[in-house]
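Below is one structure, written out as structure tokens; the observations come after it.
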Amino acid sequence: MEKFDKLLEYGQSYWLDNLSREIITNGELENRIKNEGLRGITSNPKIFMKAISSGHIYDDQIKALAGEGKKPEEIYEALAIEDIQKACDMLRPVFDASNGEDGFVSLEVSPYLARETEKTKAEARRLYKEVNRPNCLIKIPGTKEGIPAIEEMLYEGININITLLFSIESYEAVTEAYLKALERRVEEDKPIDKIASVASFFLSRIDVLADKILHDDVILQVEGDKKIVAGNLLGETAIASAKIAYQSFEKKFSGDRWEKLASKGARVQRPLWASTSNKTDTYRDTRYVEPLIGSHTVNTMPGETIEAFKDHGRLFPNTVKKDVDDAHRVFDDLKELGVSLKDITDQLVEEGIGKFVEPFDELLKTVEEEAK
């Protein structure tokens, strides 16, 4: 608890990247909230697929809903909404004590809608109404089709967690959508002090793909004696991206434009570091936590990362603002080597959509089999 208290003192909230009915009923979630300082939780179809397929806790409800004539997608939604509502209720004291800064639980729109603006809007409205909790965040991907839906939902007063952000350009587009939504509300004399949003910047997946492109034996000679060794950039791209994104965050949420909104009670749209589990054994298992601590940030961690950080995580203030010159150097060196960050992040968005669609397909199949 002391370590997470210190993390919060440094401006970062820790959220759990793993919602299931099991952790709601077995006391794990309550323990994390009361004794470990947990301040939020996220979910996605892949997490629900694992939860439903790995045990029997949902079996009776699935059969009962099937007996009512519900289709697999309707059954999944009923299960998910019940879990989201229970988690929201458990985190409501955090939400109230933080004046709506934390205590959120995220529910994602169908991954089938990642390229469907109008259908995303309709589903976000419906899910937010169904959950009927002020501390629910609806997750919408930061695709080009998702951005107008994000702006519209925020304008309508629906709290949004933007997911699948990999590039600085996409991150800046969603911060702009947030500011525009608030400005539209101000123009119509609508309150903005209750609007909340996080922008989820995915990390480890960036390194996995970038590292595949980089090779230890690639050396580029530039500008006289300067050499760029591709192997020296292994595992550097994601953290560099996050540090540069945080620079953008500080610029967006300062100055005259922001101060006008802040005077009306607006709160910043916090960067949320997602995909923070270590996917490469040779890297430190807390590498996506320690260097990215800073004011107005969230780190959503799976259980193994939480335990690693509790055990041996190093904790210093404002690490996200340190070594920024090195972050820009990483970007410059990648460019010199001919590595296109745009190609990497574009690919990651497409793969990210697929990584949510595939488990969602599997989830619906599992529900259908359990219903028989």
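Going residue by residue through the range 305-321, is there one that turns out to be over 22 Å from the mean Cα position of the chain (by Cα), β-branched (Val, Ile, Thr) and either exposed (fewer than 14 other Cβ atoms within 10 Å of the Cβ) or part of a helix (DSSP H, G or I) (or both)?
Among the residues of the range 305-321, not one is over 22 Å from the mean Cα position of the chain (by Cα), β-branched (Val, Ile, Thr) and either exposed (fewer than 14 other Cβ atoms within 10 Å of the Cβ) or part of a helix (DSSP H, G or I) (or both), which makes the answer no.
Using the structure shown, decide if ALA149 is among the small types (Gly, Ala, Ser), assigned to a helix (DSSP H, G or I) and over 25 Å from THR237 (Cα atoms).
Yes: the conditions hold for ALA149.
Could you check the range 287-339 and list, in sequence order, the residues that are more than 30 Å from ILE23 (Cβ to Cβ) and small (Gly, Ala, Ser)?
Matches in the range 287-339: ALA327, GLY338.
In the range 37-46, how many are aliphatic (A, V, I, L, M) and part of a loop (DSSP other than H, G, I, E, B)?
Final tally of qualifying residues: 1.
Limited to the range 194-218, what total is found for residues that are of a type in the set (D, E, K, R) and surrounded by 12 or more Cβ atoms within 10 Å (Cβ to Cβ)?
Counting residues in the range 194-218 that are of a type in the set (D, E, K, R) and surrounded by 12 or more Cβ atoms within 10 Å (Cβ to Cβ) gives 4.
Out of curiosity, is THR345 modelled with pLDDT of 95 or more, hydroxyl-bearing (Ser, Thr, Tyr), part of a helix (DSSP H, G or I) and crowded, with 16+ Cβ neighbours inside 10 Å?
Against the criterion (modelled with pLDDT of 95 or more, hydroxyl-bearing (Ser, Thr, Tyr), part of a helix (DSSP H, G or I) and crowded, with 16+ Cβ neighbours inside 10 Å), THR345 qualifies.
Within the range 50-80, which residues are under 24 Å from VAL357 (Cβ atoms), small (Gly, Ala, Ser) and surrounded by fewer than 15 Cβ atoms within 10 Å (Cβ to Cβ)?
Answer for the range 50-80, where residues must be under 24 Å from VAL357 (Cβ atoms), small (Gly, Ala, Ser) and surrounded by fewer than 15 Cβ atoms within 10 Å (Cβ to Cβ): SER54, GLY55.
Looking at the structure I just gave you, is ARG185 outside any helix (DSSP H, G or I) and farther than 18 Å from GLU350 by Cβ?
no
Restricted to the range 256-275, and to residues that are more than 12 Å from the chain's Cα centre (by Cα) and among the aliphatic types (A, V, I, L, M), which residue is surrounded by the fewest Cβ atoms within 10 Å (Cβ to Cβ)?
Of everything passing the filter in the range 256-275, ALA262 is surrounded by the fewest Cβ atoms within 10 Å (Cβ to Cβ).
When you check ASP83 against the structure, is it modelled with pLDDT of 90 or more, surrounded by 17 or more Cβ atoms within 10 Å (Cβ to Cβ), part of a loop (DSSP other than H, G, I, E, B) and of a type outside the set (Lys, Arg), yes or no?
So ASP83 fails the test.
Out of the residues in the range 28-65 that are modelled with pLDDT of 90 or more and small (Gly, Ala, Ser), state the one that is farthest from LYS3 (Cα to Cα).
Only one residue tops the list, namely ALA64.
Search the range 188-212 for residues being of a type outside the set (Asp, Glu), in a helix (DSSP H, G or I) and farther than 21 Å from GLU108 by Cα, and hand back the single one that is farthest from the chain's Cα centre (by Cα).
Going through the qualifying residues, I end up with LYS212.
Just to be sure I understand the filter: pairs with C-beta atoms under 7 Å, separated by 6 or more residues or on different chains, first member in the range 250-262 and at pLDDT 95 or above, second member among the β-branched types (Val, Ile, Thr) and surrounded by 12 or more Cβ atoms within 10 Å (Cβ to Cβ). Which pairs pass?
Partner pairs satisfying both residue conditions: LYS252/THR175; PHE253/VAL268; LEU261/VAL186; LEU261/ILE192.
Identify, by number, the condition in (1) over 22 Å from GLY103 (Cβ atoms); (2) part of a helix (DSSP H, G or I) that LEU91 doesn't meet.
Result: LEU91 passes all but (1).
Take the range 60-95 and flag every residue that is touching a strand residue (DSSP E or B) at 6+ places or on another chain (Cβ under 7 Å) and farther than 13 Å from ASN135 by Cα.
Within the range 60-95, ALA80 is the sole residue that qualifies.
Mind listing whichever residues of the range 211-243 are among the small types (Gly, Ala, Ser) and at pLDDT below 95?
Across the range 211-243, the qualifying residues are GLY224, ALA230, GLY231, GLY235.
Just checking, which of LYS34, LYS63 is in a helix (DSSP H, G or I) and either free of Cβ contacts under 8 Å to residues at least 40 places away in the same chain or hydroxyl-bearing (Ser, Thr, Tyr) (or both)?
LYS34
Hey, does the range 279-288 have a residue that's over 22 Å from the mean Cα position of the chain (by Cα), surrounded by fewer than 16 Cβ atoms within 10 Å (Cβ to Cβ) and either at pLDDT 95 or above or farther than 24 Å from TYR155 by Cβ (or both)?
yes
Is it the case that GLY354 is touching a residue at least 24 places away in the same chain (Cβ under 8 Å) and either surrounded by fewer than 21 Cβ atoms within 10 Å (Cβ to Cβ) or in contact with a Gly (Cβ under 9 Å, 6 or more places away or on another chain) (or both)?
No; evaluated as a whole, the condition is false for this residue.
Only one of these conditions is not met by ARG329: (1) under 28 Å from TYR76 (Cβ atoms); (2) not in a strand (DSSP E or B). Which number is it?
(1)
With the structure loaded, tell me whether TYR246 is among the hydroxyl-bearing types (Ser, Thr, Tyr), in contact with a helix residue (DSSP H, G or I) (Cβ under 9 Å, 6 or more places away or on another chain) and not in a helix (DSSP H, G or I) or whether it fails that test.
Judged against the criteria, TYR246 is not a match.
The values are calculated or read from the model by the stated rules, or taken from the named source; none is laboratory data. Since we're looking at a predicted model, the values are computed, not measured. Please note: Cβ atoms are built from the backbone with ideal geometry, for glycine as well, and neighbour counts cover all protein chains shown.
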